[in-house]
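Student: This is the structure I have questions about; it appears just below.
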Amino acid sequence: MNPQKAATTMRAVGGVQFAIGLLALLSPSALAGIFGMNRDMDGDSRFAWRLFAIRQMLLGTGNAMRDESTEKANLAIQALDLGLFGQALRSGSVPRRTAIMALGTAGSVTAGSLLAGAGGRPGT
């Protein structure tokens, strides 16, 4: 992938992450419902979703800006997420749809990040 396409890919990855984070911040119950989870939220659930929202918005912003340290941190976080979601699918600890959608989302972000990383940066 050439550097321009890599930058475009990372902007798209960052945009997806930021959008997921924004939805989690503004309406955690809506995002939970999209992923097949219970929409009923208490204060603790909303707090946890909003922590996730902040993480996603920060990663999304850094990835869209092609911040190298954010890109590296993002890959490590996505690897942990993929392991967690895979275990959730295997154990049945969450609805199957939830685990599959989470795996698909994290897998897409990881694939886009890896593809863009292979393209290098302008001037390198």
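The values are calculated or read from the model by the stated rules, or taken from the named source; none is laboratory data. Bear in mind that the values here come from a model prediction, so they are computed numbers and not experimental data. Cβ: placed from backbone, ideal geometry, glycine included. Neighbour counts: every protein chain shown.
Student: Taking the options A30, A6, name whichever one is surrounded by fewer than 13 Cβ atoms within 10 Å (Cβ to Cβ) and of a type in the set (A, V, I, L, M).
Tutor: Step by step, each of A30, A6 is checked, and only A30 is surrounded by fewer than 13 Cβ atoms within 10 Å (Cβ to Cβ) and of a type in the set (A, V, I, L, M).
Student: Let me ask you something else. Say we look at region 69-79 and pick out the residues that are free of Cβ contacts under 8 Å to residues at least 24 places away in the same chain and over 15 Å from T9 (Cβ atoms); which of these is nearest to the chain's Cα centre (by Cα)?
Tutor: Result: I77.
Student: What's the number of the only condition in (1) at pLDDT below 95; (2) of a type outside the set (S, T, Y); (3) farther than 17 Å from G62 by Cα that L25 fails to meet?
Tutor: So the condition that L25 fails would be (1).
Student: Kindly indicate whether I54 is at pLDDT 95 or above and of a type in the set (A, V, I, L, M, F, W, C).
Tutor: Values: at pLDDT 95 or above: yes; of a type in the set (A, V, I, L, M, F, W, C): yes.
Considered against the rule, which asks whether it is at pLDDT 95 or above and of a type in the set (A, V, I, L, M, F, W, C), I54 comes out as yes.
Student: Any chance you could count how many residues in region 31-68 are under 22 Å from V13 (Cβ atoms) and more than 15 Å from the chain's Cα centre (by Cα)?
Tutor: 4
Student: While we're on this one: Go through region 62-97 and count every residue that is closer than 18 Å to G21 by Cβ, part of a helix (DSSP H, G or I) and either charged (D, E, K, R) or touching a Phe, Trp or Tyr at 6+ places or on another chain (Cβ under 6 Å) (or both).
Tutor: Of the residues in region 62-97, 2 are closer than 18 Å to G21 by Cβ, part of a helix (DSSP H, G or I) and either charged (D, E, K, R) or touching a Phe, Trp or Tyr at 6+ places or on another chain (Cβ under 6 Å) (or both).
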